[in-house]
Amino acid sequence: MLHVLYLVHDVSDPAVRRRIIMLKAGGARVTLAGFRRTQEREDVEGLTPIDLGHTCDGRFAQRLGAVAVAATRIGAALRAVAAPDVIVARNLEMLALAQRARSALGASMPVIYECLDIHRLVLREDFLGKGLRGAERLFGRNVGLLLTSSPAFVRHYFERYGQIDAPIELVENKLLELEPRIDSMPSALADEPWTIGWFGALRCRKSLELLAAFTRKAEGRFEIVLRGRPALSAFPDFHGFVESEPHLTFKGAYRNPEDMADIYAQVDFAWAIDFFEEGQNSTWLLPNRLYESCRFGTVPIAMAGTETARFLERLDIGLMLPEPSASALAEALSGMTSERYAALRGEVLARDPRNWICDLADCRALVAKLERVAAQNGESPGAIAA
């Protein structure tokens, strides 16, 4: 059984839980180590994380300090851990710690770099940005495989800057569906008030203000349902703002994938737009909500010119906004009828579900890829790509 040491920047991140589920379903044994964003220490999928310290969302300097401290202590933290076959490092800060962990464990196991977002700081052309890219190249010199979730990350960042000289594996943010669905697809609401769901990492103030302005002008014909984890570092007044808006409702966190069918059955459209790092990461990513919404026939709304829009255009589904404005959203949804909505939904449901889901075979394929990296450790990078 492949033994994976998984180093993560936030053990409470729902995406970390999903990756652990995927690795375990694929046949791997996982040891989890990482930082906390909360004071509580909780198990994740039956794993008790090795605690590397506490970090704060949005406080880059604090996180760097925490990584520096953890680098001096990681040997002691991993003292009781058997040497893994591979180390998977999620994000740049964990890539830095992976090299220290490798040394502390006294072994030459390969490092897998998992990069699912391109932070705006590494794209700067000043001393900080160039320094971070240099650090990534330095810490990534022994990387055996790069895992990323969007081809645009490869085109616009990894290839452009020549960051990681390793084979690349695209692992999209698809919905985990380890067993075939046997229940019927949720029926559409298809009636006023039409409901737009914005689910997941709620970090985009521009989206929140745009949706609020749109619903005020729509005078009750559209409602917005928000679920997930709001990034209070991005808008500390999130809860007060939502409560002050008559057509916005925040319904809290959910479990992914367990709650997906239920929460998408309660909305007609999915907001698959993010302006948090507009023109950069937000333009290049393929978000979880894209795959989740389409899996359950919820019609996605995307921003033209983004990787999400290109993805939907290839499949000829969804709605596109030509510009980021409440008026553009109103135009896209103008004259919505049950008949038009049924046609839009039908187009989504007609596409191959394999576009949206990660099944047991995918989990096994990922673990098999990691096994090949472990087996070929020390060989040329080209050998691993097979």
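The values are calculated or read from the model by the stated rules, or taken from the named source; none is laboratory data. Note that this is a predicted model, so its numbers are computed, not measured. Don't worry about glycine lacking a Cβ; one is built from the backbone with ideal geometry, like all the others, and counts go over all protein chains shown. Just so you know, the surface numbers come from the protein's heavy atoms only, side chains and all, with ligands and any DNA or RNA stripped out. Shrake-Rupley method; radii C 1.70, N 1.55, O 1.52, S 1.80 Å.
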Handout entry: Computed log₁₀ I(q)/I(0) - Debye formula, equal Cα scatterers, no solvent, the range 109-240, q 0.11, 0.19 Å⁻¹
Key = -0.67, -1.12
Fill in the blank from the handout: Dividing the mean separation of Cα pairs under 8 Å (6+ apart) by the residue count of the range 1-139 yields a relative contact order in percent of 22 percent
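Rounded, prolate or oblate: which fits the range 337-381, taking a ≥ b ≥ c as square roots of the Cα gyration tensor eigenvalues, rounded meaning a/c under 1.5, else prolate when a/b beats b/c? All intermediate terms of the calculation are to be shown ahead of the outcome.
Working: a/c = 7.61, a/b = 4.32, b/c = 1.76.
Because a/c hits 1.5 or more and a/b exceeds b/c, the range 337-381 counts as prolate.
Ratio of Rg to Rh for the range 45-190, alpha carbon only, Kirkwood?
Taking Rg over the Kirkwood Rh, I get 1.04.
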Exercise for the section: First compute the accessible area of the range 207-259 with a 1.4 Å probe, then give the percent of it belonging to carbon and sulfur atoms. Expected result: 49 percent
Fill in the blank from the handout: Residues meeting the amide H criterion for Leu52 (H placed from the backbone, H to H distance under 5 Å, 5 or more places apart or on another chain) are Gly34, Phe35, Arg36
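With +1 on each Lys and Arg Cβ and -1 on each Asp and Glu Cβ, how big is the dipole of the chain about its Cα centre, in debye rounded to the nearest 20? List each step's numbers first, then the result.
Working: 46 positive and 50 negative charges, 271 e Å.
With Lys and Arg at +1 and Asp and Glu at -1, about 1300 debye.
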Exercise for the section: Determine the principal axes of the Cα atoms in the range 1-54, then give the extent along each, sorted from largest to smallest and rounded to whole angstroms. Expected result: 32, 17, 16
Completion exercise
Counting only DSSP beta bridges fully inside the chain, the antiparallel percentage to nearest 5 is 0 percent
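In square nanometres and to one decimal, what's the mean projected area of the convex hull around the Cα atoms of the range 282-386? Before the final figure, lay out the partial values.
On the way: hull surface 35.2 nm².
Taking a quarter of the hull surface, the average projection is 8.8 nm².
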Exercise for the section: Quick one: compute the contact order of the range 194-357, relative version, from alpha carbon pairs under 8 angstrom and 6+ residues apart, as a percent. Expected result: 22 percent
Practice task
Figure the gain on full extension for Ala375 and Leu128 (residue separation times 0.36 nm, minus the Cα-Cα span) and round it to one decimal in nm.
Solution key: 85.2 nm
Problem - Cα-only radius of gyration and Dmax that characterise the range 115-162, units Å - result: 10.6, 29
Handout entry: For the range 320-328, Karplus couplings with θ = phi - 60° (6.51, -1.76, 1.60), whole Hz, Gly/Pro x
Key = 10, 9, x, 8, x, 8, 5, 5, 5
Practice task
Compute the FRET efficiency between Glu179 and Ala83 as 1/(1 + (r/R0)^6), taking r as their Cβ-Cβ distance and R0 = 30 Å, and round to the nearest 0.05.
Solution key: 0.35
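So, counting K/R as plus one and D/E as minus one, what does the shell of residues with Cβ under 14 Å around Leu78 add up to? Intermediate results must be reported in sequence, preceding the final value.
Numbers: positive: Arg73, Arg79, Arg100, Arg102; negative: Asp51.
Combined, the nearby Lys, Arg, Asp and Glu give +3.
Mean projection of the alpha-carbon convex hull of the range 194-357 over all orientations, in nm²? Before the final figure, lay out the partial values.
Details: hull surface 35.2 nm².
Seen from a random direction, the Cα hull of the range 194-357 projects 8.8 nm² on average.
Rounded to the nearest 20 Debye, what is the dipole magnitude of the range 122-177 about its Cα centre when Lys and Arg each give +1 and Asp and Glu each give -1 at the C-beta?
On the way: 8 positive and 8 negative charges, 46 e Å.
The calculation lands at about 220 debye.
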Completion exercise
Given a Förster distance of 35 Å, the FRET efficiency implied by the Cβ-Cβ spacing of Ala342 and Arg155, rounded to the nearest 0.05, works out to 0.45
Handout entry: Residue-by-residue Karplus 3J(HN,Hα) for the range 32-41, coefficients 6.51, -1.76, 1.60, Hz, glycine and proline x
Key = 9, 9, x, 8, 9, 9, 10, 6, 6, 10
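Please give the contour-minus-distance gain from Ala107 to Ser244: 0.36 nm per residue of separation, less the Cα-Cα distance, rounded to one decimal in nm.
Working: separation 137, 0.36 × 137 = 49.32 nm, distance 5.62 nm.
Working it through step by step, the gained length comes to 43.7 nm.
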Handout entry: Set of aspartates and glutamates near Lys24 by C-alpha distance (under 18 Å), chain-local residues within fewer than 8 positions excluded
Key = Asp13, Asp43, Glu45, Asp85, Glu114, Glu172, Glu177, Glu179, Glu258, Asp359, Asp362, Glu371
Practice task
Please list, in chain and number order, the residues 5+ apart from Arg203 or on another chain whose amide H is under 5 Å from its amide H, with Hs placed from the backbone.
Solution key: Ala231
Exercise for the section: Please tell me which of these pairs span more than 30 angstrom C-alpha to C-alpha: Lys206/Lys251; Lys130/Lys174; Lys130/Lys251? Expected result: Lys130/Lys174; Lys130/Lys251
Completion exercise
Relative contact order as a percentage, the chain, C-alpha pairs under 8 Å and 6+ apart, gives 16 percent
Practice task
Would you tally the net charge around Glu42, using a Cβ to Cβ cut-off of less than 14 Å, leaving Glu42 out, and scoring K and R as +1, D and E as -1?
Solution key: -1
